[in-house]
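First the structure, in the form of structure tokens, and then the observations on it.
The values are calculated or read from the model by the stated rules, or taken from the named source; none is laboratory data. Keep in mind the model is a prediction, meaning the values are calculated, not measured. FYI the Cβ positions are ideal-geometry reconstructions off the backbone, even for glycines, and counts take in every protein chain you see. The area values use the complete protein model at the heavy-atom level, side chains included, leaving out ligands, DNA and RNA. Shrake-Rupley method; radii C 1.70, N 1.55, O 1.52, S 1.80 Å.
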Amino acid sequence: MYEYISGRLSSITPANAVVDCCGVGYLLEITLNTYSAIQESSEVKLWVHEVIREDAHLLYGFFSTQERTMFRLLLGVNGVGAATARMMLSSLSVEELTNAIAGGDAKTVQRVKGVGAKTAQRIVLELQDKVGDTAMGVGLPQASAAMAGAASVKKEEAVSALVMLGFPKTAAEKVVMALDNSMTVEEMIKEGLRRI
């Protein structure tokens, strides 16, 4: 139903963004790659994938059509839901994921939290022929500037993002508190995803 939503970025966290479009605020679930790409923007255009469940209508927003295409490909794999697909695209860039799948590298895919060996092998097997035509070698812009603020604020944001992604707060705090203070929020979240 929705192709994209364009408007003022009203608020943003590493897990979701609110886009004000003609006075209506749309809450979109986003990946860390999209967060990195739009966090400093005032106006955004996010490509949308809608998930309709019995208890909710969810909008997933992506900075690029390549990321949305990869998300949709992942959803087509048996056993991969929207939460897992978003986790994969938060842990790996589109380029990294594409290259891993195209190269038959199930171990890289399996590094993502919540993706077991069988699921990783299924993803590689089912998508190996498809990724070359859709997203091969296309990555997302990476944020170059570290987030401002004290280390404690950055760690609080990282913990909050991991909790919003579905991890227990105590586990998220334990992992994030052990990380280097010089890391950016995005780096803390990505490393947290690997360690939890």
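Here are a few things to note about the model shown:
- Highest GNM mean-square fluctuation among Phe63, Phe71, Phe167, for the chain modelled with Cα contacts below 10 Å: Phe167.
- Protein-only accessible surface order, largest first, of Glu67, Glu157, Glu3 at 1.4 Å: Glu3, Glu157, Glu67
- Sorted on the mean count of surrounding Cβ atoms within 10 Å across their residues, most packed first, peptides 4-10, 79-85 read 79-85, 4-10.
- Shown in residue order for the range 181-191 are the 3J(HN,Hα) couplings computed by the Karplus curve 6.51 cos²θ - 1.76 cosθ + 1.60 at θ = phi - 60°: 5, 7, 5, 6, 4, 4, 5, 4, 5, 4, 5 Hz (x for Gly and Pro).
- For the range 17-127, the Kirkwood hydrodynamic radius comes to 14.6 Å, computed from all pairs of different C-alpha atoms.
- Lysine pairs meeting the criterion (Cα under 14 Å, 8 or more apart or interchain), as found in the chain: 6
- Gyration tensor verdict on the range 4-75 (Cα atoms; rounded if a/c is under 1.5, prolate if a/b is larger than b/c, oblate otherwise): oblate
- For the range 77-118, the equivalent ellipsoid built from the Cα gyration tensor has semi-axes of 15, 12, 9 Å, listed from largest to smallest.
- 37 °C / 0.692 mPa s Stokes-Einstein diffusion coefficient of the chain, Kirkwood radius on C-alpha pairs, µm²/s: 192
- Per residue, the range 77-137 exposes an accessible area of 46 Å² to a 1.4 Å probe, with every protein chain left in place.
- Once both labels are positioned 7 Å from their Cα atoms along Cα-to-Cβ, the gap between Leu58 and Tyr4 label points is 2.4 nm.
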